[in-house]
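Trainee: Take this structure, written in structure tokens, and hold onto it; I'll ask about it next.
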Amino acid sequence: ITRITNDINQLQLALAMFIRLVIRTPFLSIGSVVMAFYIDVQMGFLFLLLLPIFSLILFIIIKVTVPLYQKVQEYLDRLNRQISQNLSGVRVIRAFARKET
């Protein structure tokens, strides 16, 4: 159950991120460049120069953090599995104790 819930949450987060990155971000980037040129041409060129650099930095950060996030999810899955086993063990022990009395 925990894994299914976690997978659904992951899918929801991935879809939200997809919408933000693919649909919203290009419009914001283009609008920012247009406004920068409208306010000051030099600032517009500076913005055009820095935009790919920031994009590269963001890509590197995402590339590094995604595997770490997957490891955390695996640890959480193992922890939940262990807790589930412990709880089912408690139920078995209680049932066994009731049977003896």
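Since every read-out is calculated from the coordinates, none of them should be taken as a lab result. All values reported here derive from a predicted model rather than from experimental measurement. Ideal geometry is used to build each Cβ from the backbone, glycine not excepted, and the neighbour counts take in all protein chains shown.
Trainee: Quick one: in the range 1-23, of everything that is among the β-branched types (V, I, T) and loosely packed, with under 11 Cβ neighbours inside 10 Å, which residue is farthest from N80 (Cα to Cα)? Outline the logic, then answer.
Mentor: Restricting attention to the range 1-23, the residues satisfying the condition of being among the β-branched types (V, I, T) are 1-2, 4-5, 8, 19, 22-23.
After this cut, where a residue has to be loosely packed, with under 11 Cβ neighbours inside 10 Å as well, the list is 1, 4-5, 8, 22-23.
Numbers: I1: 10, I4: 12, T5: 12, I8: 16, V22: 34, I23: 36 Å.
Restricting to residues being among the β-branched types (V, I, T) and loosely packed, with under 11 Cβ neighbours inside 10 Å, the top hit is I23.
Trainee: Is there a residue in the range 75-90 that is among the acidic types (D, E) and out of contact with any Ser or Thr (no Cβ under 8 Å at 6 or more places or on another chain)?
Mentor: Our first condition is that a residue be among the acidic types (D, E); within the range 75-90, this holds for 77.
Next, from what is left, pick out any that are out of contact with any Ser or Thr (no Cβ under 8 Å at 6 or more places or on another chain): none.
So far as the range 75-90 goes, no, none of its residues is among the acidic types (D, E) and out of contact with any Ser or Thr (no Cβ under 8 Å at 6 or more places or on another chain).
Trainee: Of P67, P26, which residue is surrounded by fewer than 10 Cβ atoms within 10 Å (Cβ to Cβ) and out of contact with any Leu (no Cβ under 8 Å at 6 or more places or on another chain)?
Mentor: Just a single option satisfies the conditions, and that option is P67.
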